[in-house]
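K.L.:
Supplied in structure tokens, the structure appears directly below.
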Amino acid sequence: MNQIQSIQDLKLNQEEFFLLSNKNYRSCPRHPDNWIVSLSTNPNSSQFIQCAECFSENPNQYSLNLVGLIKENEKTVFKNYPVYGDNELYEKLKQIFEADCSVDGLLSKISSFFLNLRKQIDQKIIIKEEQMMSQAKSLWSFNEQVIIQYNKLAEKEQLKNIITNFKDDLDKKNIKKN
């Protein structure tokens, strides 16, 4: 067990140091010179604790990394434990566990949703307003053209001139008679 004698010389994190300094995890039953690194989660496994060499002999087996297990918190999802081989379920569980479900997180999401909704509604209102303004300008232009054409066809200017000239002529005649 020369590995354990040099444990202080290794640059280990707290969890790794715990595993190596704990007598129960110091050596593998099959490979006594190797440290235990994982636990088999397969109920049919003949060996519950495993070293890296055991694990490399059968890499497709389901196991839990001891360091990961010690570090785990309530937001940790273990792959292939307690459900084996369902990657879709594992990914969904990871999403749920990683989601911010705190009250502040939910309030923030709700606030963001309505802020985004208001922006979308405002943008649609602005677009609709611009469309209506454009239609109003087109309608005004059309109406103005109709008025101009009507006035040309009705010869309003000529009628004004005739009436004005007729009145002037009458006024002149009335002046001469007086």
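The values are calculated or read from the model by the stated rules, or taken from the named source; none is laboratory data. As the structure is a computational prediction, the values presented were derived from the model and not from experiment.
K.L.:
Is it the case, given these coordinates, that Lys124 is modelled with pLDDT under 90 and not assigned by TED's automatic domain parsing to the domain that holds Thr41?
P.N.:
no
K.L.:
Another one. Out of curiosity, is Ser138 small (Gly, Ala, Ser), more than 35 Å from the chain's Cα centre (by Cα) and part of a helix (DSSP H, G or I)?
P.N.:
yes
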